[in-house]
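Comments concern the structure below.
The values are calculated or read from the model by the stated rules, or taken from the named source; none is laboratory data. Owing to the predicted nature of the structure, the values given are computational and were not obtained by experimental measurement. A quick note on method: Cβ atoms are made from the backbone with ideal geometry, for glycine too, and the neighbour counts reach across all protein chains shown. What goes into the accessible areas is simple: the full protein's heavy atoms, side chains included, and nothing from ligands, DNA or RNA. Shrake-Rupley method; radii C 1.70, N 1.55, O 1.52, S 1.80 Å.
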Amino acid sequence: MLRALDPFCEQLAATPLSQMIQATEWAIPAIQTVHIVAVATVMASILIVDLRLMGFASRDQSIAAVAKRYLPAVWYALPVLLITGATLIVAEPSRSLQNPVFILKMAILLVAAGVTAGCQLPLRKNARFWDASTSRRWKARLIGGLSLPLWIAILFAGRWIAYVQSA
Ligand code: HEM
């Protein structure tokens, strides 16, 4: 099915922007570096928030306080990841767009971002939402325990793309 993207990938690779990136030796390493810095920002923030949700760290602070401090970094870093990731795709379209691991990475990213947003949104109306009862605290533990493996899976898939042949 991914072979159906052949003409699109070929056209994209022939655009002046793609040609320019391909011809500039340092461009891809530089874009990858920015991607990795944004990855580090997301993962550091997610780790702190998820450890707090699971009750393993920062227990002297409310979930709302930890989320308010660290989650904005996730939402600011995601557009940077989107722009740098899209630029890498323009440079070498078939390497990602026709790679099943890249599709998997994007699918997990959607779920992970949904879980993180789902944890943050109730706090807007009620800062004590996740601390309000024992059952809510257990749900928060569950969300943290689900979110962290999802974000780590994205990390793993991101690195794995390079080792799986595109269709
Ligand atoms: C927002 C949308 C994103 C897009 C479009 C995107 C796209 C890409 C692309 C095209 C690559 C290059 C893969 C290759 O050629 O080997 C890449 C690498 C990578 N991405 Fe993303 N990515 C996104 C978000 C993320 C997120 C959220 C994470 C992790 C939290 C992540 C982690 C990585 C890692 C670890 C690599 C490997 C970098 C390397 O080996 O140099 N990406 N990404």
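Restricting attention to helices (runs of 4 or more DSSP H) lying wholly within the stretch 72-167, give those where 2 or more residues are open to solvent by 60 Å² or more (accessible area, probe 1.4 Å) and either touching a helix residue (DSSP H, G or I) at 6+ places or on another chain (Cβ under 6 Å) or without any contact (Cβ under 8 Å) to a residue 24 or more places away in the chain (or both).
Per the criteria, 100-125, 134-160.
Only one of these is within 16 Å of the ligand (Cβ to nearest atom) and within 22 Å of Ile31 (Cβ to Cβ): Tyr76, Tyr70. Name it.
Every option except Tyr76 fails the conditions.
Give me the pairs: first residue in the stretch 31-60 and closer than 20 Å to Ala153 by Cβ and assigned to a helix (DSSP H, G or I), second residue of a type in the set (Lys, Arg) and more than 11 Å from the ligand (Cβ to nearest atom), beta-carbon distance under 8 Å, and six or more apart or on different chains, which are they?
Between residues of the stretch 31-60 that are closer than 20 Å to Ala153 by Cβ and assigned to a helix (DSSP H, G or I) and residues that are of a type in the set (Lys, Arg) and more than 11 Å from the ligand (Cβ to nearest atom), the close pairs are Leu53/Arg141.
Among the listed residues Arg137, Arg128, Arg141, which satisfies the condition of being modelled with pLDDT of 95 or more, more than 12 Å from the ligand (Cβ to nearest atom) and in contact with an Asp or Glu (Cβ under 8 Å, 6 or more places away or on another chain)?
Only one candidate qualifies: Arg137.
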